[in-house]
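Report on the following structure.
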Amino acid sequence: MAGLPLAPISFTSRETEQTAALGRALGAVLEEHDYVGLRGQLGAGKTLFSRGVAEGAGVPLDDVSSPTYSIVQSYSGRLRLHHADLYRLTSDADLFSTGYYDLLEEPGAFLVEWVDQIAGAAPDDAMRISIEVTSPDARTMRVTTSGPKSEALLARWLEAIAAGTSSLPG
Ligand SMILES: Nc1ncnc2c1ncn2[C@@H]1O[C@H](COP(=O)(O)OP(=O)(O)O)[C@@H](O)[C@H]1O
Ligand SMILES: [Mg+2]
């Protein structure tokens, strides 16, 4: 999509359901090799948002948990969704040993919590979402992009939000 860059952009969420709905809208428009990195303190809502993304991508919610201990989990939905949490990692070698970099070459979209824990974990063209806790129930989500693929993903996400396709049954 040509035109002015959309990012950076911010969303405000005033309750958990709003964060989940934003996630579902993003999941609904994910395409192969899209990469979404999440930042934010413990309890910011990275996993809650990720569950929304997975649901939007057609992954059965029972399959989705926080991958803090397993580092990387792959789900099957409308497309493969690889969900990682780099929180416990301290070196790129540790990340390498999980098979993460091999997965990056395979079909699927990526959703990575604590993406900046390991420098170089994200591809050059990635969407990043920083979730900031502004009150016990409110979050500010700042979205940046770093290339045409992530910018196109942001454009589809904004369309999905505007179209209200974020609400799935259940
Ligand atoms: N607006 C909101 N958006 C997301 N989470 C919220 C919101 N308000 C309260 N919360 C709470 O914050 C916590 C987020 O937890 P979680 O998603 O596990 O965070 P993280 O993965 O970033 O450590 C949950 O207990 C959730 O109920
Ligand atoms: Mg988490």
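Of all the criteria given as (1) on the phi < 0 side of the Ramachandran plot; (2) away from ligand 1 (no atom under 16 Å from the Cβ); (3) of a type outside the set (A, V, I, L, M, F, W, C), the one not satisfied by GLN73 is (2). Residues being on the phi > 0 side of the Ramachandran plot and away from ligand 2 (no atom under 16 Å from the Cβ) are represented in segment 101-115 by at least one member. I'd like to check something: does segment 38-49 contain any residue that is at pLDDT 95 or above, aromatic (Phe, Trp, Tyr) and more than 26 Å from ALA7 (Cα to Cα)? No: segment 38-49 contains no residue that is at pLDDT 95 or above, aromatic (Phe, Trp, Tyr) and more than 26 Å from ALA7 (Cα to Cα). If a residue counts only when it is touching a helix residue (DSSP H, G or I) at 6+ places or on another chain (Cβ under 8 Å), which helices (runs of 4 or more DSSP H) contained entirely in segment 23-123 have at least 2 such residues? Answer list for segment 23-123: 46-56.
Scanning segment 52-66 for residues that are modelled with pLDDT of 80 or more and among the acidic types (Asp, Glu) turns up GLU55, ASP62. Filtering segment 19-46 to residues that are of a type in the set (S, T, N, Q) and either away from ligand 2 (no atom under 16 Å from the Cβ) or crowded, with 20+ Cβ neighbours inside 10 Å (or both) leaves only THR19.
The values are calculated or read from the model by the stated rules, or taken from the named source; none is laboratory data. Because the structure is a prediction, the values reported are computed rather than measured. Quick reminder, even Gly has a Cβ in these numbers, built from the backbone with ideal geometry, and neighbours come from all protein chains shown.
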